Structures are given as structure tokens and as C-alpha cells.
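These notes are about the structure you will find just below.
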Amino acid sequence: MDDLIKKSKLKKVKIPWSGKSEGMQNALKALFPEQAKNIKENKCALCGSTKVTFKDFRDNLSRKEFGISGKCQSCQDKIWK
């Protein structure tokens, strides 16, 4: 299991590169260090909110999107609607 998932307060949100080979995980972390850091710290990549919690998301798809993009529910709503 990826260290970022273990350390995240949003334990049920998977980082998009979890399950990938160790080499691929390292490459993705090197390419997107801020994304990994933001997700680990439950911080929105767009608005900077530091109060992102599991309960904030409308559904599992939105939680999964946070694991991919690092965007909170409010920012996802602004982008996708």
C-alpha cells in the first residue's frame, strides 16, 4: 500500500498511482510532487482549503476524483457543472 494512503487522513481515498509498480509510483511522485503532498495533507489543489474531509464529498466518485486531481467537492462542482 502506498505510503501516502497510510498517512492521509482521508484513509478511503486512493492516490491514483496506488497499485502501480514502485518505479512508476516514484516517477509520478517526481512529476507531481505538489499533488501528492496536497492529497496527503487533505488540502485542495485549487482553492487551498486545508479542511477537506471524507464527509465533504457527495459520493465515492467525488472522493476518487479528489485522489486524482486533489480538488475538494466545491472546486469539483465549479469545474464539472
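Can you give me the number of residues within region 42-67 that are surrounded by 15 or more Cβ atoms within 10 Å (Cβ to Cβ) and under 21 Å from Lys20 (Cα atoms)?
Step one: filter region 42-67 for residues surrounded by 15 or more Cβ atoms within 10 Å (Cβ to Cβ), giving 42-46, 49, 52, 56-57, 62-67.
The next check asks that each one be under 21 Å from Lys20 (Cα atoms); those that pass are 63-67.
Qualifying residue count, region 42-67: 5.
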All positions within region 21-41 that are surrounded by fewer than 16 Cβ atoms within 10 Å (Cβ to Cβ) and hydrophobic (A, V, I, L, M, F, W, C): Met24, Ala27, Ala30, Leu31
Pairs, first touching a residue at least 40 places away in the same chain (Cβ under 8 Å) in region 40-63, second not basic (Lys, Arg), C-beta under 6 Å, six or more apart: Val52/Asn42; Val52/Cys44; Val52/Cys72; Phe54/Leu10; Arg63/Val13; Arg63/Phe57
Elements of type helices (runs of 4 or more DSSP H) in region 9-81, at least 3 residues being at pLDDT below 85: 22-31, 33-40, 60-69
Ala45 in contact with a helix residue (DSSP H, G or I) (Cβ under 6 Å, 6 or more places away or on another chain) and not β-branched (Val, Ile, Thr): yes
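The values are calculated or read from the model by the stated rules, or taken from the named source; none is laboratory data. These numbers come from a predicted model, not from an experiment. All Cβ positions, even for glycine, are placed from backbone atoms using ideal geometry, and neighbour counts span all protein chains on display.
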